[in-house]
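**Q** Okay, handing you the structure first.
Nothing in this text is a laboratory measurement; each read-out follows from the coordinates by a stated rule. Everything numeric in this text was worked out from a predicted model, so none of it was measured. Neighbour counts run over all protein chains shown; Cβ positions are idealised from the backbone, glycine included.
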Amino acid sequence: MHVFTVKQLLSTSGMNQEVTISGWVRTFRSNRFIALNDGSCLSSIQCVVDYENLDEEVLKKINTGAALKISGVLTASQGRGQAVEIQVNKLEVLGEADPDKYPIQPKKHSLEFLREKAHLRVRTNTFSAVMRISSALAFAIHQYFRNEGFFNMHAPLITGSDAEGAGEMFRVSTLDAKNPPLNEEGEVDFKEDFFGKEAHLTVSGQLEAETYAMGLGKVYTFGPTFRAENSNTSRHLAEFWMIEPEMAFYDLDGNMDLAEDFSQSIIRYVLENCEEDLLFLEKRLLDEEKTKPQNERSEMSLIEKLRFVVDNQFKRVSYTEAVDILRNSKPNKKKKFAFPIDEWGADLQSEHERYLVEKHFKCPVILFDYPANIKAFYMRLNDDEKTVRAMDVLFPGIGEIIGGSQREERLDVLQEKIKAVGIDEEELWWYLDLRRFGTAVHSGFGLGFERMLMFVTGMGNIRDAIPYPRFPQNAEF
Ligand code: 4AD
Ligand code: MG
């Protein structure tokens with residue numbers, strides 16, 4: 001017999017047919033109405049049992065969380081709120097869930113509580129909605145690049161180079177902890193880590209993507225990246241997924257155009273394909289907003305916010321212009337930022353980014369031409385020799401969602417920069433080769449997948465935008 005999904009049954013017009021369905025009990029009311037959910041969509045299907053003809057022992061096992069297989073006749077529903085229901089003929093309890101022990105009961109659980117139950121939280125409406133949208137978003141990303149003529153490539157996860165030059169890398173070690181090789185100072189020689197070579201988990205696939213762009217033209221990576229930074233914020237993970245397009249013959253303007261079109265297209269895809277889940281998450285947020293004082297409530301609902309980003313151009317502002325704006329602003333009652341921007345050249349903090357996006361421009365912003373000394377070594381130096389062709393895309397409620405740049409394509413300038421930041425040129429011989437053989441203008445950027453998922457779902461903490469978040473002291477499951 002064909003096993004249907006709830007999604008299929010809710011959209012079928014084939015009434016009065018015999019169907020079989022499996023799923024997990026959400027609620028069981030009046031010994032009669034089972035709400036069965038199988039994850040295929042937000043809605044559960046109502047299954048009506050004739051309890052007088054059901055074995056007492058079986059009845060006791062129909063608890064929230066139990067897995068059931070049900071066969072019955074699909075009929076138009078008498079009740080409000082659903083079009084169809086199943087009149088159950090046969091019911092099999094596949095797996096019980098002890099109501100005294102099963103933690104996901106049909107009531108509102110806090111996100112903090114659910115984070116402790118990461119293996120079960122996908123059985124809630126909130127997390128199943130977030131994760132279905134996550135899947136749609138990933139699909140939209142691949143589809144966008146395929147339509148635009150990009151090739152997908154897999155960058156290595158174990159690597160010898162530090163793509164961001166920030167030293168935030170996890171070591172990968174095959175050393176024998178009891179008998180490690182020692183260096184001349186008698187300390188453990190980490191340079192021998194990976195069967196005799198230094199290696200770590202990648203912080204970005206960019207450098208490898210650059211090599212491929214210089215042969216395939218337009219490529220993108222979509223893979224996990226790792227940052228060994230001790231950040232305990234709602235925007236940082238130690239393991240996150242990054243999408244990194246890299247394009248030969250693109251300058252920074254082309255890069256900004258692509259970043260804007262790409263972001264808008266994937267959000268549009270979610271708007272067009274995930275309506276039920278978005279409406280649920282929007283309602284969830286509205287309820288949350290109601291608990292806040294009036295003046296702190298968001299002016300737009302979730303879907304309005306997404307539409308706004310899709311329909312309006314991003315504002316492009318140079319770092320220098322942004323600093324001028326920040327210097328002349330009065331961000332709050334105290335009229336000061338916690339980190340005042342006194343000098344040109346300072347890195348922007350998230351309070352500055354959020355002020356620009358949420359208070360000043362009130363739309364997504366692309367900041368470009370940052371001071372060279374606060375950005376990575378590979379970015380192209382401008383003629384002023386003070387700024388680089390960097391760009392950060394800032395989103396309301398999120399801050400930086402994309403970071404990218406035009407790359408330094410001139411061998412001598414790149415060699416200088418590598419030397420200045422103290423990286424051994426030998427380590428990047430292959431990267432420098434790109435500038436020796438057929439060098440050309442090229443650009444790219446990185447989108448943090450979970451930050452985009454936070455934005456489209458309205459989740460306030462990045463730990464709720466990935467199945468198993470990795471952050472300091474959290475690697476359970
Ligand atoms: O700005 P980042 O560090 O840029 C790069 O890694 C470049 N190599 C990208 C490129 O040009 N190909 O990171 C890019 C994006 C950020 O804008 C942010 O969305 C996300 O990755 N990101 C993080 N997301 C979650 N947790 C973290 N610790 C993140 N660090 C960066
Ligand atoms: Mg960045």
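**Q** Please list, by residue number, every one of the chymotrypsin sites (Phe, Trp or Tyr not before Pro) in segment 422-454 that is coil in DSSP and has at most 10 other beta-carbon atoms within 10 Å.
**A** F437
**Q** Holding the Cα-Cα limit at 25 Å, pick out from K90/K283; K283/K362; K7/K69 the pairs that are longer than that.
**A** Over 25 Å Cα-Cα: K90/K283.
**Q** Find the all-direction average of the projected area of the Cα convex hull for segment 248-322, expressing the result in square nanometres with one decimal place.
**A** Averaged projected hull area, Cα only: 7.3 nm².
**Q** Please list, short to long, the whole-number percent of alpha-carbon pairs of segment 100-190 in consecutive 10 angstrom bins beginning at zero.
**A** Bin by bin from 0 Å, the calculated values are 11, 20, 20, 24, 20, 5, 0.
**Q** So what J values fall out for segment 411-427 if you push phi through Karplus, 6.51 cos²θ - 1.76 cosθ + 1.60 with θ = phi - 60°, rounded to Hz, Gly and Pro as x?
**A** My calculation for segment 411-427 gives 3, 5, 5, 5, 4, 4, 5, 4, 5, 4, 8, x, 8, 6, 4, 4, 5 Hz in order.
**Q** How do S301, S231 line up, fewest other C-beta atoms within 10 Å first?
**A** Going from sparsest to densest Cβ surroundings: S231, S301.
**Q** Stokes-Einstein at 10 °C, 1.306 mPa s, Kirkwood radius from Cα pairs: D for the chain in µm² s⁻¹?
**A** The diffusion coefficient I find is 62 µm²/s.
**Q** Moving on to the next point. Through the Karplus equation 6.51 cos²θ - 1.76 cosθ + 1.60, θ set to phi - 60°, convert the phi angles of segment 202-212 into ³J(HN,Hα) values in whole Hz; use x for Gly and Pro.
**A** Couplings: 5, 9, 5, x, 4, 5, 5, 4, 4, 5, 6 Hz.
**Q** Same structure again: So, in nm, how far is label N179 from label E289 when the simple model puts each one 7 Å beyond its Cα toward the Cβ?
**A** 6.6 nm
**Q** Tell me which residues come under 5 Å, amide H to amide H, from R316 once H is placed; ignore anything under 5 positions away on its chain.
**A** When sequence neighbours closer than 5 places are left aside, the close amide H contacts are I366.
**Q** Return the subset of K60/K290; K191/K419; K108/K334; K191/K417 for which the Cα-Cα distance in this structure is over 28 Å, preserving the input order.
**A** Over 28 Å apart, Cα to Cα: K60/K290; K108/K334.
**Q** Could you give the nm distance between label points at N147 and K359, where each point is 7 Å from its Cα heading toward the beta carbon?
**A** 3.8 nm
**Q** If r is the Cβ-Cβ distance from E426 to D253 and R0 is 35 Å, what FRET efficiency results, to the nearest 0.05?
**A** Taking R0 as 35 Å, the efficiency between E426 and D253 is 0.50.
**Q** How many Å³ per residue does the convex hull of the Cα positions in segment 3-104 occupy?
**A** Here the figure is 98 Å³ per residue.
**Q** Would you mind checking which residues have amide H under 5 Å from R380's amide H? H placed 1.01 Å from N; only 5 or more apart, or other chain.
**A** Placed amide hydrogens put R389, Q406, R407, E408 under 5 Å from R380.
**Q** Is the shape of segment 325-405 rounded, prolate or oblate, going by the alpha carbon gyration tensor and its root eigenvalues a ≥ b ≥ c, with a/c under 1.5 for rounded and a/b larger than b/c for prolate?
**A** Because a/c hits 1.5 or more and a/b fails to exceed b/c, segment 325-405 counts as oblate.
**Q** What is the percent of Cα-Cα separations in segment 221-375 that go past 29 Å?
**A** It works out to 31 percent of all Cα pairs.
**Q** Further question: Kindly provide the GluC sites (Glu not before Pro) of segment 314-364 that DSSP labels as loop, not H, G, I, E or B, and whose Cβ sees at most 14 other Cβ atoms within 10 Å.
**A** Taking segment 314-364 and a limit of 14 other Cβ atoms within 10 Å, the loop GluC sites (Glu not before Pro) found are E343.
**Q** HN-Hα J couplings of segment 456-466 from phi, Karplus 6.51/-1.76/1.60, θ = phi - 60°, integer Hz, Gly and Pro as x?
**A** Running phi through 6.51 cos²θ - 1.76 cosθ + 1.60 with θ = phi - 60° gives 6, 9, x, 5, x, 10, 4, 5, 9, 10, 8 Hz.
**Q** Mind checking segment 77-173 for trypsin sites (Lys or Arg not before Pro) that DSSP puts in a loop (not H, G, I, E or B) and that have at most 11 other Cβ atoms within 10 Å?
**A** Of the trypsin sites (Lys or Arg not before Pro), the ones in loops of segment 77-173 whose Cβ has at most 11 other Cβ atoms within 10 Å are R80, K101, K107, K108.
**Q** If amide hydrogens are placed 1.01 Å from N in the peptide plane, which non-local residues have theirs closer than 5 Å to the one on N89?
**A** S71, G72, V73
**Q** Rounded to the nearest 5, what % of the DSSP beta bridges within the chain are antiparallel ones?
**A** On the way: 65 of 76 bridges.
Expressed as a percentage, antiparallel bridges in the chain total about 85.
**Q** Pull out a ≥ b ≥ c, the square roots of the eigenvalues of the alpha-carbon gyration tensor of segment 148-204, then state rounded if a/c is under 1.5, prolate if not and a/b is larger than b/c, and oblate in the remaining case.
**A** Judged from the Cα gyration tensor, segment 148-204 comes out prolate (a/c at least 1.5, a/b above b/c).
**Q** Another question about this same structure. Could you give the distance between the Cα centres of segment 53-114 and segment 174-219, to the whole Å?
**A** 51 Å
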